[in-house]
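Enquirer: Quick one: the structure is below, and I'll ask about it shortly.
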C-alpha cells in the first residue's frame, strides 16, 4: 500500500536546516503547500500544553493552512507569556518567508520542557529557507527528530490523490486523544470539517492506541493539510487509506520507542465493550512486566493474566480468558497451558511480538501498540536534560 | 516510634524453613498465635486472584485466625481447581502441625504465576516446624521474600500492646485496594469488625498509594491478627500507630522496589478533591520519565508538569501550579523557575527524594510512594521466569 521511498502529494514541498538550537543536526523544518489547503488538527490534552499548542488551537479554527513550521531541541512548554510570544514570532517569520499571513502557518516545537526558545536563532535561520524547498518528505522528517533513531515518512495513493505522513516521536508517548508530532499532507480536495472528522476517527484507532511509556507529551500535534490539487476522491476509500497509514506510522513510532528492540502489538477481542477492549489493551501494552518479558524473551505468560486482571472495573471472566503469543496458545480458560517453552521463547524473540487476548464476554475489539522496556530507555531518560 | 530490632507482641511466634521450592533459601513460613486472634484481611482486586486468595476470602469471613502459613517461589496463580485444592492442603497441613482446624489458618503464596505448587514438598516440609518457632519476626519475613533484597519487619508500642508488621514485595506492585503480602500482629484486644475498618483505612493511606511498576499482583494480601493478650487499648491511638507503621512499611517496600536506588515520595496538596490528589500523586510516582529523572539526578523538572497535566480529567489551573524537590522550588505558577542546577541535582541525588506539588485549586491532599526506574529492574524482570 505504501510507496518506497515516500513522496509528497502535488504542491507540497519541505526544507530543513540547522539554525543553532542543536550543535549541528537539523533543528528547523518548513512544510509548504503552493496553494492554501483545507486543514484540521488534534492536539495534546495535557493540562500544560506548549505555547505552540495554545497558538495552534487558535490558528486551526479557520481550517486553512499554507505551511507548518517546526523546531526540535526545545519544546517551548512551561515558558509563560514569553513562550507564546516566541511561538507567534516563529509563525510570523515563516509566513514572511513564504509570502502569506501568520494565521495560515501552524507552529510546532519539540524537545526539552521548561526552557525558553532561542527565537532570534529561529528568526535568523528561517530567512532564505524557501530556496531549499524540495520534494523529499524525509528531509522534513529529519528536522523534527529528537530521540528518534531515524526520520519517519510514508505515502500512499487514493485514486488520483496521494497521502503523505511525516512524524516524529520516541519517548513521552501515550497520546490519549491527540498524538506526537505527525503531519499528513494530501492533494485530495476535501472540506475542512470532513477532514477533521476523518482525522479524529483515524487518530483514535492508531496514534491514540500507542504508548511507549504512559507519559503524555505536552506538545502532541497531528495535523492534516488537503490542498485539493488532485481534485475529489472517494471519501470512504480515502478514510480507509488515511487510517491504514496512521496505523502503520504508529507501528513505526512504537518500534522506534526510546531504547526499543521490539514492536509490541496487542489485540484484545471479545471484550464487553470497545472501551473496555481499549483499556485492557493499553494495560497490557503499558505493563512494565509484559515489556520486560518481551525484552528478555522470557515465557512468563502468567503476566498476561496479571495485566488483564488489574483492570478491576472491566468485565472479565477468568475461566473464559485465552491468550496467544505470535499465534501460539499460552493461556486457555484463565490457566497457563502446558506449552513448548523453546517455541514460545522464539516467538517472543521476534522483532514484532503479537500478543492476543480473547475474553469471551462480548464483541469489544481494540488494538494497541508499544515496545519493550530496555536499559536503553533508562540511559536516554536519566540524562535527557543534561545531554 | 519503631523498635529496633522488631519484636513480636505477646503470644506470637514464627518459623521458616527451606522445603525444596527454592534451591536452598527459606521458602516456607509459619506465623502462630498461642491463642485464637480476631482478624481482618484485604486482598488483591486483580480479576485473576491466586488460589490462596480465593481460599483466604472464605477463611477470613469468620474473623478468627490462629496462624498464617506462606510460601515463596510459586504464587499458585492461574492453576485452576488443582491450585485451590493445593492451597487447602497447605492450610490443612499447617493446622495439623499446630493443632487447630484449617479454617483458622490463612494461606499465602508468592512467586511465579502459572506454575502448580509442589504441595508434597510443602506437606512434608511443614511437619515438625513448630519445634522451630521463635521470637524474631525477621525469621518469618525471610521465608516470604522473592526479589526483596532484605527481610522486612517493624514493631511499635500502643499503651500496653505491641503492633508488629511483617511484609514482602519488590515488583508487580501497585496494590490499588489491597496490598502485597503484609501481616500485622498485635496483642491488643480489638473486635474483628473494628480491626477490619481500621485496616482498610490504614491500607488506603499507605500500601494502596505504593507503586513500584503499576502492575497489580494476583497475590496481594494484607492481614491483621489481634490476639488480645495485652487487653484493651485506646483505639484512636492504636489506629494512629497502625497507620504510621503501614506508611513506614510502604516506604521500606518502595525503597526495596526491584532495582531501586531511591525512595520517591510524592505529596500533592491543594487538589480539587482527595480523589484527584491521589490520582495525580500516582501519575507522578508512576511516570517513567519522573522515575528516570530521579535515577539520573537530571533536573528535567518540566516533566513534573507533564505528569500532572496528563491527568486530563482532573481540575488543574496551570498558572497556580507550584512544585518543589526536597524543598527547593522548581516550578512556580506553571512555569519552570530559574534555579541553581547543582543544588537541584544534589537534591535529586539524595536517597529519599520528596517531590511536592501544590495545585492551588482546593484542599485535596495525598501522598504516594515509589522508586526510581533502573537497569536493575529490567535485568530482574527480563528473566524472572527463567532464573
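The values are calculated or read from the model by the stated rules, or taken from the named source; none is laboratory data. Everything numeric in this text was worked out from a predicted model, so none of it was measured. Every residue, glycine as well, gets a Cβ built from its backbone with ideal geometry; the counts of neighbours run over all protein chains shown.
Enquirer: Going by the structure shown, is residue B:372 buried (at least 16 other Cβ atoms within 10 Å of the Cβ) and touching a helix residue (DSSP H, G or I) at 6+ places or on another chain (Cβ under 7 Å)?
Expert: Spelling it out, residue B:372 is indeed buried (at least 16 other Cβ atoms within 10 Å of the Cβ) and touching a helix residue (DSSP H, G or I) at 6+ places or on another chain (Cβ under 7 Å).
Enquirer: Just name the residue that is farthest from residue A:98 (Cα to Cα) out of those in segment A:111-154 that are at pLDDT 90 or above and within 14 Å of chain B (Cβ to nearest Cβ).
Expert: Looking at residues that are at pLDDT 90 or above and within 14 Å of chain B (Cβ to nearest Cβ), I get A:116.
Enquirer: Just to be sure, is residue A:191 within 14 Å of chain B (Cβ to nearest Cβ) and touching a residue at least 12 places away in the same chain (Cβ under 8 Å)?
Expert: Criteria not met by residue A:191.
Enquirer: Quick one: would you say residue B:335 is farther than 17 Å from residue B:279 by Cβ and modelled with pLDDT under 90?
Expert: Yes: the conditions hold for residue B:335.
Enquirer: Would you please name the residue that is surrounded by the fewest Cβ atoms within 10 Å (Cβ to Cβ), looking only at residues in segment B:64-84 that are assigned to a helix (DSSP H, G or I) and in contact with a helix residue (DSSP H, G or I) (Cβ under 8 Å, 6 or more places away or on another chain)?
Expert: B:84
Enquirer: Quick check: is even one residue across segment A:357-372 under 29 Å from residue B:371 (Cβ atoms) and assigned to a loop (DSSP other than H, G, I, E, B)?
Expert: Scanning segment A:357-372 turns up at least one residue that is under 29 Å from residue B:371 (Cβ atoms) and assigned to a loop (DSSP other than H, G, I, E, B).
Enquirer: Please go through (1) part of a loop (DSSP other than H, G, I, E, B); (2) out of contact with any strand residue (DSSP E or B) (no Cβ under 7 Å at 6 or more places or on another chain); (3) under 19 Å from residue A:64 (Cβ atoms) for residue A:190 and return the number of the only condition it doesn't satisfy.
Expert: In the conditions (1) part of a loop (DSSP other than H, G, I, E, B); (2) out of contact with any strand residue (DSSP E or B) (no Cβ under 7 Å at 6 or more places or on another chain); (3) under 19 Å from residue A:64 (Cβ atoms), residue A:190 misses (2) alone.
Enquirer: Another question about this same structure. Return the only residue of B:37, B:41 being surrounded by 18 or more Cβ atoms within 10 Å (Cβ to Cβ), at pLDDT below 95 and more than 18 Å from the chain's Cα centre (by Cα).
Expert: Of B:37, B:41, the one residue that is surrounded by 18 or more Cβ atoms within 10 Å (Cβ to Cβ), at pLDDT below 95 and more than 18 Å from the chain's Cα centre (by Cα) is B:37.
Enquirer: Could you tell me which numbered condition residue A:114 fails, if it satisfies all but one of (1) within 17 Å of residue A:27 (Cα to Cα); (2) touching a helix residue (DSSP H, G or I) at 6+ places or on another chain (Cβ under 8 Å); (3) not in a helix (DSSP H, G or I)?
Expert: Going through (1) within 17 Å of residue A:27 (Cα to Cα); (2) touching a helix residue (DSSP H, G or I) at 6+ places or on another chain (Cβ under 8 Å); (3) not in a helix (DSSP H, G or I) one by one, residue A:114 breaks only (1).
Enquirer: Say whether the condition of being within 29 Å of residue B:18 (Cβ to Cβ) and modelled with pLDDT of 85 or more is met by at least one residue in segment B:192-206.
Expert: So far as segment B:192-206 goes, no, none of its residues is within 29 Å of residue B:18 (Cβ to Cβ) and modelled with pLDDT of 85 or more.
Enquirer: Just for helices (runs of 4 or more DSSP H) wholly inside segment A:241-329: which have at least 1 residues that are away from chain B (no Cβ under 14 Å), buried (at least 23 other Cβ atoms within 10 Å of the Cβ) and modelled with pLDDT of 90 or more?
Expert: The helices (runs of 4 or more DSSP H) meeting that bar are A:274-286.
Enquirer: Could you list, in sequence order, all residues of segment A:87-111 that are over 26 Å from residue A:187 (Cβ atoms), touching a strand residue (DSSP E or B) at 6+ places or on another chain (Cβ under 9 Å) and not in a loop (DSSP other than H, G, I, E, B)?
Expert: A:87, A:88, A:90, A:92, A:93, A:109 - these are the residues of segment A:87-111 that are over 26 Å from residue A:187 (Cβ atoms), touching a strand residue (DSSP E or B) at 6+ places or on another chain (Cβ under 9 Å) and not in a loop (DSSP other than H, G, I, E, B).
Enquirer: Quick check on segment A:131-140. Is at least one of its residues surrounded by fewer than 21 Cβ atoms within 10 Å (Cβ to Cβ) and under 25 Å from residue B:290 (Cβ atoms)?
Expert: Looking for residues that are surrounded by fewer than 21 Cβ atoms within 10 Å (Cβ to Cβ) and under 25 Å from residue B:290 (Cβ atoms), one finds none in segment A:131-140, hence no.
Enquirer: Provide a single number: the residues in segment A:330-352 that are in a loop (DSSP other than H, G, I, E, B) and surrounded by fewer than 14 Cβ atoms within 10 Å (Cβ to Cβ).
Expert: 3
Enquirer: Of all residues in segment A:361-375, which are within 13 Å of another protein chain (Cβ to nearest Cβ) and over 15 Å from residue A:264 (Cβ atoms)?
Expert: A:361, A:375
Enquirer: Follow-up. With the condition kept exactly as written, say whether any residue in segment A:222-234 is more than 30 Å from residue A:78 (Cα to Cα), touching a helix residue (DSSP H, G or I) at 6+ places or on another chain (Cβ under 8 Å) and not in a helix (DSSP H, G or I).
Expert: Yes: one or more hits.
Enquirer: Which one of these does residue B:102 not meet: (1) within 16 Å of residue B:27 (Cα to Cα); (2) within 26 Å of the chain's Cα centre (by Cα); (3) surrounded by fewer than 18 Cβ atoms within 10 Å (Cβ to Cβ)?
Expert: The single condition residue B:102 does not satisfy is (1).
Enquirer: Checking residue B:163 against (1) surrounded by 24 or more Cβ atoms within 10 Å (Cβ to Cβ); (2) out of contact with any helix residue (DSSP H, G or I) (no Cβ under 7 Å at 6 or more places or on another chain); (3) over 30 Å from residue A:307 (Cβ atoms): exactly one of these is not met. Which one?
Expert: (2)
Enquirer: Inspect all residues belonging to segment B:163-183 and state whether any of them is closer than 13 Å to residue B:8 by Cα and part of a loop (DSSP other than H, G, I, E, B).
Expert: Within segment B:163-183, none of the residues are closer than 13 Å to residue B:8 by Cα and part of a loop (DSSP other than H, G, I, E, B).
Enquirer: Have a look at B:210, B:229, B:181 and point out the one that is assigned by TED's automatic domain parsing to the domain that holds residue B:141 and either surrounded by fewer than 22 Cβ atoms within 10 Å (Cβ to Cβ) or more than 27 Å from residue A:289 (Cα to Cα) (or both).
Expert: On inspection, the qualifying residue turns out to be B:229.
Enquirer: Given the structure, is residue A:6 touching a helix residue (DSSP H, G or I) at 6+ places or on another chain (Cβ under 6 Å), more than 14 Å from chain B (Cβ to nearest Cβ), assigned to a loop (DSSP other than H, G, I, E, B) and at pLDDT below 95?
Expert: yes
Enquirer: For residues that are within 14 Å of another protein chain (Cβ to nearest Cβ) and touching a residue at least 12 places away in the same chain (Cβ under 8 Å), tally how many sit in segment A:67-84.
Expert: Number of matching residues: 10.
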